[in-house]
1. Return one number: the angle in degrees, 0 to 90 and rounded to the nearest 10, between the long axis of the Cα atoms of helix 207-220 and the longest principal axis of the Cα atoms of the chain.
2. Name the residue farthest towards the positive end of the dipole of the range 244-292 from the options Tyr249, Gly264, Met274, assuming +1 on Cβ of Lys and Arg, -1 on Cβ of Asp and Glu, about the Cα centre.
3. Counting Lys and Arg as +1 and Asp and Glu as -1, what is the net charge of the other residues whose Cβ lies under 10 Å from the Cβ of Ala79?
4. Put +1 on the Cβ of each Lys and Arg and -1 on the Cβ of each Asp and Glu in the chain; which of Ala117, Val18, Phe161 then has its Cα farthest toward the positive end of the dipole?
5. Sum -39500 (n - 2.57) across every DSSP H segment of at least 4 residues in the chain, then divide by the residue count to get the 222 nm mean residue ellipticity, nearest 500.
6. Over the range 244-292, what is the relative contact order in whole percent, taking alpha-carbon pairs under 8 Å and six or more residues apart?
7. Angle, helix 177-189 long axis vs. longest principal axis of the chain, Cα atoms, 0 to 90°, nearest 10?
8. Comparing Gly132, Gly209, Gly272, which has the greatest mean-square fluctuation in the GNM of the chain with Cα pairs linked when under 10 Å apart?
Amino acid sequence: MWPIRSLLFVRAHRSDWVATATRVSPGAVVLDIEDSVPPEHKAGAVAGLRSAVEELRAAGVAACIRVNGLSDGTEAELAAGMAEGLTAVLLPKASAVAEIRRLHDLLSYQEGRAGLAHGSVGILPLPETAEGMHGAYDLAKASPRVRGIFGAISGPVSGDFARAFGFRATLEGDEQLYLASKLVLDSRAAGAPHPVAAVFGMAMDDLAGVERLVRRARDIGYAGVAVMHPSHVAVVNAVYRPTAEEIAYYEGLIAAFAEAERAGLGAVQYRGAMVDYAMLPLARSVVAEARRLGG
């Protein structure tokens, strides 16, 4: 399933929304039992996790769960959703290595109880605290289950990341560039190559504005983007899908290198520029992504 390009948050107490979510073709659905669920509906949200995970698996969509902050109740939350198809658990307010290691152990136990392969469920820490943001590298390094750090790219609305960091969110986003880049670098440097950014803070019908934020996240280095509304999934998928021009360029570059190697060369002039082996990994990854998506 990795890299997952588009993720859609769904309130887990609204079980009827899962079918709606699958129709817009996200790479994953995040079943949220945290902030978006009113306290009186928490128990029902947890109780419906397994059937939601199974429904998503049947639809070919990865299932993630955003649990509540690590507590005595986390084990029951994981047990409720532990089924074939569960891809990752999002840990909100992550701030300490011990939390990641504790979640790792809880997942190992629940995988064993459910008969799932050890290590099949990943972890996506959300460092929504100043301590977590500062120590994001250590969070990502704390467990081989960590697939990526979960960051945020906001329009002119301040959420948990803004409050913890102390910046005031703007549409231009200059105040967020350091944090966004740091979380991407921390994640990749720690061996968690799939950092994800939640994109929010725009009017639901402002698809052009959402696209600007998604492109910003992609260009900073996030491997995927999570959104809050079904209409935004198509925007994410389109931004991350290689264009026909990109595919043609990189396929041509790969072919040019193959010809150069046959001539005993390690660099080649391609479309007016000198390129060498350093450019090949990107070319191959773009072509592989296009093939994965049926391009």
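1. 70 degrees
2. Highest projection toward the positive end goes to Gly264.
3. On the way: positive: Arg50, Arg113; negative: Glu75, Glu77.
In short, 0.
4. In the chain, that residue is Ala117.
5. Numbers: 13 runs with 133 residues, N = 295.
Counting only the DSSP helices, I get -13500 deg cm²/dmol.
6. On the way: 34 pairs, mean separation 20.2, N = 49.
In percent, rounded to a whole number, it is 41.
7. Roughly 90 degrees, rounded to the nearest 10.
8. Among Gly132, Gly209, Gly272, the largest mean-square fluctuation in the Gaussian network model of the chain belongs to Gly272.
Values quoted throughout were computed directly from the atomic coordinates according to the rules given, and no laboratory measurement underlies them. None of these values were measured; they are calculated from a predicted model. Glycine also receives a Cβ, built like all others from the backbone with ideal geometry; neighbour counts cover every protein chain displayed.
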